[in-house]
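The values are calculated or read from the model by the stated rules, or taken from the named source; none is laboratory data. Quick caveat: nothing in here was measured; it's all calculated off a predicted structure. Cβ atoms come from the backbone with ideal geometry, glycine included; neighbour counts cover every protein chain shown.
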Amino acid sequence: MLRLIATSLCLRCQRARALPLHLRPCATLSSAENQQTVEALYDLSVDIQKVRQLKGWVLHQSPAYTKEVADLLKDMGASGSIIARILAGHPEAVLCHPEQMQAQRELMSVCPKHKELVGIIEKFPASFFTSSSHHDNQRNNIAYFQSLNLNKRIVTKLMASAPQSFSRPVEQNELMVRTLQQAYQDLGGDEANMKVWLQKLLSQNPFVLLKPPEVLRQNLLFLRDKGFSTAELLRLLSQLRGFVTELNPDSMRRTLAYSQDTMGCSEAELRDIILDCPAVLYYPDIILAERFRGLLSAGISMSQIKETPTVLELTAQIVNYRIQRLRVHGYDVRTGSLEVLNGTKKDFETSSGKLLLRRERPIFNPVAPLKADD
């Protein structure tokens, strides 16, 4: 036992000697640090140098609840390495009062499993170790999203991906959700399917809640002025889902003008192309220019691109790789359909071997939608 203690002390001394003089716990410049906090963080294998460089002020605070934070995280199933990463990246967590942390844990019980909650804390520690002044907003927002009968996994995903939407007044989220629902209904969307549509929208782009409702209205009005029918607007809203709020009339105007000029098509033809490939509307003209160059340099004609515009969703590197793979199988994309280039990586690996000229599912799907079960 004495040998273990001596070894531990020696290791601690070696660690102190390894630090520059101005970073050592016992150095004069660090004398104002809370030594209990420093020692507790050392024992948890937290990168003290990182803490000092980024948020050194935390080490000067008292009281601190380092052990209590670690015990709480451990009780939720967090490993030692995860605890160390959380405290290195968000050391101010040790300043949260234990009662406040316990209240936050109960508040976030919407997460079905502790493992999921630990995952949220690891990625977004500020959403858990937050000011008690945000608790009311969080509680109200959780209750609101539950009142929409959203799947628990959707609410969990929202909390993980966009914690800001839970710390702000619930009225702001209510306004955006109502705007989305109203747009869906005004465009002829089936009310019976609205819950599933909303769940997919929020799972694919949780940040849609943080956008001003006016942005959605302006974008839909712009597209209507460009000749899209009500049914086509609903189709676009369903395909782009929350990403329609990432657009703005100026960027869409530039993209549409560039695309029409480059492909030499009419406005009606361009609308059909966009309905087949909404990414044409979403990507800025500089990205589209690069992809057009990549396709044309590979020997693909503009008429082929117009027939299968979804190839514009692929980067030049992916296109070249797939063309080479297909060439091994004796397929020349310059004379055949471009459909074989499409699909996810798994789809392509299957179709390139069997030369199945079909597209399994849309590529423009930044986040796969969660299953919308009740």
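Some points to look at:
- Test set (1) in a helix (DSSP H, G or I); (2) among the hydroxyl-bearing types (Ser, Thr, Tyr); (3) in contact (Cβ under 8 Å) with a residue 12 or more places away in the chain - Tyr321 fails condition number: (3)
- Leu201 at pLDDT 90 or above, within 20 Å of the chain's Cα centre (by Cα), under 25 Å from Ser147 (Cα atoms) and part of a helix (DSSP H, G or I): no
- Pair list, Cβ < 6 Å and 6+ apart or interchain, from region 241-265 residues that are at positive phi to residues that are of a type outside the set (Val, Ile, Thr) and surrounded by 13 or more Cβ atoms within 10 Å (Cβ to Cβ): Arg241/Leu201; Arg241/Gln204
- Looking only at region 217-274, and only at residues there that are surrounded by fewer than 17 Cβ atoms within 10 Å (Cβ to Cβ) and of a type in the set (A, V, I, L, M), the one that is nearest to Leu187 (Cα to Cα): Ala231
- Counted residues, region 160-184 - those being in a helix (DSSP H, G or I) and within 23 Å of Tyr282 (Cα to Cα): 9
- Scanning region 256-288 for residues that are assigned to a helix (DSSP H, G or I), modelled with pLDDT under 95 and hydroxyl-bearing (Ser, Thr, Tyr) returns a single hit, Tyr282.
- As a summary of the residue check, Ile305 satisfies the conditions (1) in contact with a Phe, Trp or Tyr (Cβ under 8 Å, 6 or more places away or on another chain); (2) surrounded by fewer than 19 Cβ atoms within 10 Å (Cβ to Cβ); (3) β-branched (Val, Ile, Thr) except for the one numbered (2).
- Residue tally, condition modelled with pLDDT of 90 or more, in a loop (DSSP other than H, G, I, E, B) and within 32 Å of the chain's Cα centre (by Cα), over region 291-318: 1
- Annotation note: of Ala84, Ala93, Ala88, Ala6, the sole residue that is assigned to a helix (DSSP H, G or I), at pLDDT below 85 and either surrounded by 11 or more Cβ atoms within 10 Å (Cβ to Cβ) or of a type in the set (Gly, Ala, Ser) (or both) is Ala6.
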